[in-house]
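The values are calculated or read from the model by the stated rules, or taken from the named source; none is laboratory data. What you see is a predicted model; the values in this text were computed from it and never measured. So basically every Cβ, Gly included, is an ideal-geometry build from the backbone, and we count neighbours across all protein chains shown. Keep in mind that these areas ignore ligands, DNA and RNA; they rest on the heavy atoms of the full protein, side chains included. Shrake-Rupley method; radii C 1.70, N 1.55, O 1.52, S 1.80 Å.
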Amino acid sequence: MQLPDLPFTQYLKEKKGTGDIIASGDRADVCQVTRYYEEYVKEKALSSNFLNSCLVTSVEKVRMSPQIINEDTGEMEGDAVENIWEVSIKRLESSTDGFPQSFRVRAKNIVLATGTSDIPNVLGVPGEDLKFIRHGVSKVSAALHHINNETRCNPVLVIGAGLSAADAIITARKNNCNVVHVFRETPCGNPAQMLKSLPRAIYPEYVMMYELMCGDVTVDWYKPYPQYAVKAFIDKNRVRLESLQGRSEIIDVSLALVQIGSNADLSFMPSQGTNLGVVPGMKIEVKHNVVDVDPFTSESVIEKGLYAMGPLIGDNFVRFLKGGAMAITQHIQMKNGVINM
């Protein structure tokens, strides 16, 4: 998470009084890390390497040839000799940086680093479009800061049993909210439960969440509903729950955070990226079908010159991103003859 020559703790201290300071032992939230990265780009004068507020509309391979001018005809000549990536980009906001609203970039190598939070999964139950419901990780912090005063006395409902659900609960507690937690399975003894496998020394808050879900630890601000599912969202911030045994209950909430995973939006890729997965023909999913890459270089097994990192290849923790980025950089430099191995 920390970038070279600007320690994260130093950044937080310098921002004292701006709401960025975190208590000792607390993990930084998404907003704090986002601001840290933005500040790093400015402080290190890297802005010219970034184009913000852009939408990639397509990525495709084109055949390029060396451009030679025929002295007799004045025409360009040359046989196609290599494949190259052409990326079509659309600006979402007007800018004065000299780039047009729509343009194309050609490159020998491209890196997919989109993450997998573009398309949040939905429950598919009645009332899921009501205003007190939010889907996905990106909406959590803003939603918690703008809870309706009329319903603030009611708990926040979090649905899901993974890392994103745990993060939502931790963030809700930082905002002094009580939490009702609904999840389908009992996590205790479930080998697929990711929270169970995390070391306490590195991820104490996630281990705490696992113990809360199992009932090994109880606190007054957290109430778990293991082996329950949401059956419907109702007007006036009400939710109907049903257990696997058929017991039904209606609860009042201030906010409902649906954290049941999400998928990457690779609609800009040929075949929407379905040819890139470990299982060809299936859409890319963080749990079932990640991008198939060489484990040492992160280059696609299917498409040379295409790299992927982060959750797209199953690396779901920030601490893994540096290794992926370094592997990609090293491999591209080796191909370009910058370094020898």
Among the candidates 302, 328, 332, residue that is hydrophobic (A, V, I, L, M, F, W, C) and part of a loop (DSSP other than H, G, I, E, B): 302
Has segment 220-228 got at least one residue that is on the phi > 0 side of the Ramachandran plot and touching a residue at least 40 places away in the same chain (Cβ under 8 Å)? yes
Suppose we keep only residues that are within 24 Å of residue 143 (Cα to Cα) and not aliphatic (A, V, I, L, M) within segment 185-209. Which one would you say is nearest to the chain's Cα centre (by Cα)? 206
Can you tell me which residue is surrounded by the fewest Cβ atoms within 10 Å (Cβ to Cβ) among those in segment 305-320 that are under 19 Å from residue 109 (Cα atoms) and in contact (Cβ under 8 Å) with a residue 40 or more places away in the chain? 305
Kindly indicate whether any position in segment 160-179 is of a type outside the set (S, T, N, Q) and more than 28 Å from residue 34 (Cα to Cα). no
Residues located in segment 195-228, provided they are of a type outside the set (Lys, Arg), in contact with a Pro (Cβ under 9 Å, 6 or more places away or on another chain) and assigned to a helix (DSSP H, G or I): 195, 197, 207, 210, 212, 213, 214
When segment 305-325 is checked residue by residue, the ones that are among the hydrophobic types (A, V, I, L, M, F, W, C), at pLDDT 85 or above and in a loop (DSSP other than H, G, I, E, B) are 309
Unmet requirement for residue 105, which otherwise passes all of (1) over 21 Å from the mean Cα position of the chain (by Cα); (2) at pLDDT 95 or above; (3) closer than 25 Å to residue 325 by Cβ: (2)
Near pairs, Cβ below 9 angstrom, 6+ apart or cross-chain, from segment 160-183 (free of Cβ contacts under 8 Å to residues at least 60 places away in the same chain) to any residue that is among the basic types (Lys, Arg) and open to solvent by 30 Å² or more (accessible area, probe 1.4 Å): 161/184; 178/223; 179/173; 179/223; 181/223
Give all pairs with beta carbons closer than 8 Å in which a residue from segment 38-61 that is at negative phi meets a residue that is surrounded by 10 or more Cβ atoms within 10 Å (Cβ to Cβ) and of a type in the set (Gly, Ala, Ser); count only pairs at least 6 apart in sequence or on separate chains. 41/47; 56/88; 57/88; 58/88; 59/88
Which condition breaks for residue 228 when tested against (1) modelled with pLDDT under 95; (2) crowded, with 18+ Cβ neighbours inside 10 Å? (1)
Hey, does segment 197-207 have a residue that's over 19 Å from residue 128 (Cα atoms) and among the polar types (S, T, N, Q)? yes
For residues that are hydrophobic (A, V, I, L, M, F, W, C), assigned to a strand (DSSP E or B) and either surrounded by fewer than 14 Cβ atoms within 10 Å (Cβ to Cβ) or without any contact (Cβ under 8 Å) to a residue 60 or more places away in the chain (or both), tally how many sit in segment 85-130. 5
Quick check, is residue 199 open to solvent by less than 50 Å² (accessible area, probe 1.4 Å), over 17 Å from residue 127 (Cβ atoms), in contact with a helix residue (DSSP H, G or I) (Cβ under 9 Å, 6 or more places away or on another chain) and not polar (S, T, N, Q)? no
Kindly establish whether residue 32 is farther than 30 Å from residue 134 by Cα and at pLDDT below 90. no
Checking residue 290 against (1) open to solvent by less than 60 Å² (accessible area, probe 1.4 Å); (2) in contact (Cβ under 8 Å) with a residue 60 or more places away in the chain: exactly one of these is not met. Which one? (2)
For residues that are among the hydrophobic types (A, V, I, L, M, F, W, C), in a loop (DSSP other than H, G, I, E, B) and surrounded by 14 or more Cβ atoms within 10 Å (Cβ to Cβ), tally how many sit in segment 231-281. 8
On the given criteria, is residue 147 among the aliphatic types (A, V, I, L, M) and part of a loop (DSSP other than H, G, I, E, B)? yes
